[in-house]
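The values are calculated or read from the model by the stated rules, or taken from the named source; none is laboratory data. As the structure is a prediction and not an experimental result, all values here were calculated from the model. Here Cβ is always computed from backbone atoms with ideal geometry, including for glycine, and neighbour counts include all displayed protein chains.
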Amino acid sequence: MKIQRLFHVIFALVFISAFINSQAIPSRDVSKEQAKTSQEWIRDAVIYQIFERQYSQKGDFNSITADLDRLNTLGVTVLWLMPVHPIGQEKKKGTIGSPYAVRDYYGVNPDYGTPDDLKRLIAEAHERGMKVIIDVVVNHTAWDNALIKTNPEFYKKNEKGEIIPPVADWADVAGLDYSKPAVRKYIIENLKSWVRDYGLDGFRCDVALMIPTDFWDEARAEVDKVKADTIWLAEAEKADLLVKAFDLDYSWELHHALDRTLHGDAPASGIRKIWEDQAKTFPKGSLRMRFSDNHDERRAIARFGEKGALAAQALIFTLDGVPLIYNGMENGDTTESGYPALFEKMPIFWQTEVRRPEFPKFYKAMVALRKQSAALRRGSLTWLKNSDENRVATFSRKQGSEEIIVAINLSNTPFNGSVQVNGTFQDITPDYGKPMPPDDEKARVTAKDTSLPPTLNLESYGFRIFRKK
């Protein structure tokens, strides 16, 4: 029964993903346009996604506030809070309901604390130099949102005049109709209020691809009048969103290519192909959020195993764009099924550091390396040839005089081969507690020219990072 249930869950997730993509509003050709210019701190960011309910045993804002020093030490610069609003109970899913079924756009979920608790969390984060954004769900509302009764004209309806969900499987929510100017005005005023009244630094916008781009362009312009120095993240992979409205979007296709590679279903070169194809179709200078795990996916450890999860995140930390850390990843957290408990209470098991001590050490070391390297934060990316591109991804990052070479084995078989580089490079791979080869085997990679590529040894799911001398 468990296997059958798991199959049904996987099938449902794949079906929903395909359906949402089919419902996405088409993107115009923006390949010749320039992406929105983002503040420098956004390019340097490390985003940490927090599911308040699961972050602690209490599942409240105050527990997050109490943990800010740890997050600050980890190197996190942007806290993304999943929806802070009261959760709808009518037609809810699971025992508690989905945080993406919003009952009150101006309210704060009492399970998490009071508005003052949230304001204190934001203020304390600011004191430590961290930004705070919240998840906004403006494509749909809960069925017991007051707008259903006070403003039924805000909603999508079928031919019988009945309010309907935006996607058939999302029976717990009702779809908003963005052809109505009054809907747009209401949502924009709400977004402005969160920035003005709580001092927020921006938004992660749920299913942004299902809402017209011109709405987002208008919303960003209006919110910028309240506070200009903000960050907007689109849950979408829709190129025109990055021209005016959003600083970042989800790099879903690259994530799926990584997933296929680690499962042995596709070559590592597929990751490069996705990157190169999107570089041709997205606005010039587009900034993408890179991730190996989030609340919509089975946990990375469940999908890839422990070593595979670290290899995947090593790629995320060294690619161009902004990396994401999701809720407990840094401690190797997972669940029995591997699926996040979106509708139930299932707190992070923080004691996993006893079982997986390399995880917190890896995350801290990789974030610190990225912080110390302008090439990793802002540098250009060039893919490099290697002797087994079915299993190994290799690329360089360059910024000014700094050049970094990254090699990641995305398979369960050791790699002994070559990478085409010029120059002499020193191994700067962080030591995060795993067994390392003797110094004479790991210290240098040298080549006079591309006709004499260096030899490189990588264990299964191993990675190495080098800096040009």
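Miscellaneous remarks
- When residues of the stretch 390-420 are limited to those that are of a type in the set (A, V, I, L, M) and more than 17 Å from SER373 (Cβ to Cβ), the one surrounded by the fewest Cβ atoms within 10 Å (Cβ to Cβ): VAL392
- Helices (runs of 4 or more DSSP H) fully within the stretch 329-389 counting 3 or more residues that are crowded, with 18+ Cβ neighbours inside 10 Å, of a type outside the set (Gly, Ala, Ser) and assigned by TED's automatic domain parsing to the domain that holds THR95: 358-372
- Looking only at residues of the stretch 224-244 that are among the β-branched types (Val, Ile, Thr) and in a helix (DSSP H, G or I), we find that the one that is nearest to PRO323 (Cα to Cα) is VAL243.
- So PHE425, is it part of a strand (DSSP E or B), surrounded by 21 or more Cβ atoms within 10 Å (Cβ to Cβ), of a type outside the set (Ser, Thr, Tyr) and at pLDDT below 95: yes
- The residue list ALA228, ALA234, ALA182, ALA221 contains one member that is small (Gly, Ala, Ser) and within 25 Å of HIS295 (Cβ to Cβ), which is ALA234.
- Every condition in (1) touching a residue at least 40 places away in the same chain (Cβ under 8 Å); (2) under 30 Å from THR334 (Cβ atoms) is met by ALA66 except one, and the failing one is (1).
- Matching residues in the stretch 297-336 - criterion: being among the aromatic types (Phe, Trp, Tyr) and on the phi > 0 side of the Ramachandran plot: none
- Meets criteria (among the acidic types (Asp, Glu) and crowded, with 17+ Cβ neighbours inside 10 Å) for ASP135: yes
- Restricting ASP320, ASP296 to residues that are within 14 Å of the chain's Cα centre (by Cα), surrounded by fewer than 20 Cβ atoms within 10 Å (Cβ to Cβ) and under 28 Å from LYS36 (Cβ atoms) narrows the list to ASP296.
- Qualifying residue in the stretch 214-223 (condition: out of contact with any Gly (no Cβ under 7 Å at 6 or more places or on another chain) and either not in a helix (DSSP H, G or I) or not assigned by TED's automatic domain parsing to the domain that holds ASP117 (or both)): no
- Pick from the stretch 116-132, criterion in contact (Cβ under 8 Å) with a residue 12 or more places away in the chain and not hydrophobic (A, V, I, L, M, F, W, C), ranking: surrounded by the fewest Cβ atoms within 10 Å (Cβ to Cβ): GLY129
- Candidate set from the stretch 245-262 (those that are outside any helix (DSSP H, G or I) and in contact with a Gly (Cβ under 9 Å, 6 or more places away or on another chain)); member that is surrounded by the most Cβ atoms within 10 Å (Cβ to Cβ): LEU248
- Within the stretch 326-362, being over 21 Å from ALA311 (Cα atoms) and of a type in the set (Lys, Arg) holds for one residue alone: LYS345.
- Some residue of the stretch 210-217 being without any contact (Cβ under 8 Å) to a residue 40 or more places away in the chain and aromatic (Phe, Trp, Tyr): yes
- Condition met for GLY88 (without any contact (Cβ under 8 Å) to a residue 60 or more places away in the chain and farther than 19 Å from ASP60 by Cβ): no
- The stretch 34-84 - residue that is assigned to a strand (DSSP E or B) and under 14 Å from the mean Cα position of the chain (by Cα) and, of those, farthest from ASP116 (Cα to Cα): ILE47
- Consider the stretch 274-293 and keep the residues that are crowded, with 16+ Cβ neighbours inside 10 Å and free of Cβ contacts under 8 Å to residues at least 60 places away in the same chain. The one that is nearest to GLU33 (Cα to Cα) is GLN278.
- Residue match in the stretch 132-142 (condition: touching a Ser or Thr at 6+ places or on another chain (Cβ under 6 Å) and in the same structural domain as TYR55 (by TED's automatic domain parsing)): no
- Of all residue pairs spaced 6 or more apart or on separate chains, those with beta-carbon atoms under 7 Å, a first member in the stretch 28-41 that is more than 10 Å from SER286 (Cα to Cα) and a second member that is surrounded by fewer than 13 Cβ atoms within 10 Å (Cβ to Cβ) and acidic (Asp, Glu) are GLN39/ASP229.
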